[in-house]
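Visitor: One structure follows; several queries about it will come next.
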Amino acid sequence: MSETTLWLTIVGAGLCTWLLRLSFIETWRWLSVPPLLDRALRYVPAAVMAALVVPALVRMDGAVNLSPDNLRLLAGLLAAAVAWYSRNVLLTLAVGMGALWALQAVT
Amino acid sequence: MATRREVFGAGVTAVLPMLPGIAPFGVIAGLTAVGTGLSAAQAMLLSGLVFAGASQLAMLQLLAEGAIPAVILLTVITVNLRFAMYSASLAPHFQHLGRSWRLPLAYLLVDQNYASSINRYLHGGPEGAVHGHWFYLGGGVTLWLTWQTATAVGVFMGASIPRDLSLEFAIPLVFMVLLVPALRDRAHIIAALTGGVVATVAADMPLHLGIVTGAGSGIVAGMLCDRQPGRRP
């Protein structure tokens, strides 16, 4: 990607995000939220976050790898337990990264 | 009756406990941006304009993989669709304001500020409605400054951190913490499971549309699940 395209992509991402934020605040007077859209939007956080997390853990070198050779999966499962019980970003980062580095050091 | 200044201060105070969770996320966003090859100026502009961590990290991941701009923007929109939901929820509370207020207030809409403000508007009693937008502004400005400072720290650190630390692994770790509170009932868990599995299977799709496909499938699965009679949680 050229430098110009990269700059434009960053600006475009900012603009799209702002328009999403503005959407119903700006149109509320003459547009009600369609019920189907309202229902769909409820599932966005769960579906999106899982779509970002799961492939990053179970895929290794371009293929699904559920064996113990996949160190990211092992470290990720440990971090997932910490995230579940603590809901703390800093603690989850510390445990997950620490576990990955420890596993990389011993294998 | 509370003054504007007091309400603004209350908005700031309300988001203070959330800052320790946001700061490391912002540092990771800055680090990852520089690690992906963005210049310091590009990294700061990204945090400044987009101001939404999950979408910034998803975007950087796609940039690193060489995705085309259209797919990057589509993914950013998908990850940030929840802002439309927040926008609809806050809209009735901003209708008395002119456009010169609404446009910048929308820009400050993030998860934490939404949660804090809607709680005050809905459960704050008569007092909660007085100068309500100043409460939102206080929280939004505080979160924005924290995010930009944390990004700057990450960008600054990025130059001095060795490349072989697997720091990109911090991205899914951050997303995990965001995923947990979203799993509030059976339909949401089904949405997450479907989103995760489909995104994994679709990861080799052309054009890097795996995240968008996974998220879309998860949303549909969640909606189908909450429709089934007798299965409502």
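Visitor: Is at least one residue of the range A:89-96 within 8 Å of chain B (Cβ to nearest Cβ), more than 20 Å from B:E168 (Cα to Cα) and surrounded by fewer than 20 Cβ atoms within 10 Å (Cβ to Cβ)?
Guide: Initial filter on the range A:89-96 (within 8 Å of chain B (Cβ to nearest Cβ)): A:89-90, A:92-93, A:96.
Remaining after also requiring more than 20 Å from B:E168 (Cα to Cα): none.
Checked the range A:89-96: no residue is within 8 Å of chain B (Cβ to nearest Cβ), more than 20 Å from B:E168 (Cα to Cα) and surrounded by fewer than 20 Cβ atoms within 10 Å (Cβ to Cβ).
Visitor: Checking B:A150 against (1) more than 10 Å from chain A (Cβ to nearest Cβ); (2) among the hydrophobic types (A, V, I, L, M, F, W, C); (3) in contact with a His (Cβ under 7 Å, 6 or more places away or on another chain), only one condition comes out false. Which one?
Guide: So B:A150 meets the others, but not (3).
Visitor: Considering each of B:G26, B:G37 in turn, give the residue that is of a type in the set (G, A, S) and assigned to a helix (DSSP H, G or I). Talk me through it step by step, then tell me what you get.
Guide: Details: B:G37 fails: assigned to a helix (DSSP H, G or I).
Result of the check over B:G26, B:G37: B:G26.
Visitor: Any residue in the range B:24-40 that is buried (at least 24 other Cβ atoms within 10 Å of the Cβ) sitting within a Cβ distance under 8 Å of a residue that is not in a helix (DSSP H, G or I)? List the pairs, counting only those 6 or more apart or interchain.
Guide: The qualifying pairs are B:L31/B:I161.
Visitor: Of these, B:V155, B:V180, B:V141, which one is at the interface with chain A (Cβ under 7 Å from one of its Cβ atoms), buried (at least 16 other Cβ atoms within 10 Å of the Cβ) and among the aliphatic types (A, V, I, L, M)? Reasoning before the result, please.
Guide: Working: B:V155 fails: at the interface with chain A (Cβ under 7 Å from one of its Cβ atoms); B:V141 fails: at the interface with chain A (Cβ under 7 Å from one of its Cβ atoms).
When all the criteria are applied, what remains is B:V180.
Visitor: Another question, then. Taking only the range B:188-215 into account, find how many residues are under 13 Å from B:V79 (Cα atoms), more than 7 Å from chain A (Cβ to nearest Cβ) and more than 18 Å from the chain's Cα centre (by Cα).
Guide: Of the residues in that region, 2 qualify.
Visitor: Please give the number of the condition B:F175 fails out of (1) assigned by TED's automatic domain parsing to the domain that holds B:A64; (2) surrounded by 15 or more Cβ atoms within 10 Å (Cβ to Cβ).
Guide: Unmet condition: (1).
Visitor: Is it true that some residue in the range A:54-77 is of a type outside the set (V, I, T), part of a helix (DSSP H, G or I) and farther than 25 Å from B:T200 by Cα?
Guide: No.
Visitor: Check whether at least one residue in the range A:5-26 is touching a His at 6+ places or on another chain (Cβ under 8 Å) and either facing chain B (nearest Cβ under 9 Å) or β-branched (V, I, T) (or both), and report yes or no.
Guide: First pass over the range A:5-26, keeping only residues touching a His at 6+ places or on another chain (Cβ under 8 Å): none.
Scanning the range A:5-26, I find no residue that is touching a His at 6+ places or on another chain (Cβ under 8 Å) and either facing chain B (nearest Cβ under 9 Å) or β-branched (V, I, T) (or both), so the answer is no.
The values are calculated or read from the model by the stated rules, or taken from the named source; none is laboratory data. Quantities reported herein were computed from a predicted structural model and do not represent experimental measurements. Glycine gets a Cβ as well: all are built from the backbone with ideal geometry, and neighbour counts include every protein chain shown.
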